[in-house]
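To keep things clear, I will list the structure first and then write my remarks on it.
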Amino acid sequence: MSGTTGRSRVRGRLTDPAIPVLALVCAAVAASWYGPVLTWAVLGGLAGYSLSGSV
């Protein structure tokens, strides 16, 4: 027996840094496709915040 249990192997895969990096890469690619929409959404939010008197 190698001493490695199935539970520790699963935990090792879940805590592997490749999974969060892959998720961030996918999110970055998706955000790049919606760049103009996200830009206008951020600008609209900032304009609404400044016009509401919150500044």
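The values are calculated or read from the model by the stated rules, or taken from the named source; none is laboratory data. Quick caveat: nothing in here was measured; it's all calculated off a predicted structure. Calculation scope for accessible area: heavy atoms of the full protein, side chains included, ligands and nucleic acids excluded. Shrake-Rupley method; radii C 1.70, N 1.55, O 1.52, S 1.80 Å.
With respect to the chain, whose longest principal axis is taken over its alpha-carbon atoms, helix 18-33 is tilted by about 30°. Between 0 and 90 degrees, the angle of helix 35-51 with respect to the longest Cα principal axis of the chain falls at about 50 degrees. As a fraction of the 1.4 Å probe accessible area of the chain, surface on carbon and sulfur atoms comes out at 72 percent.
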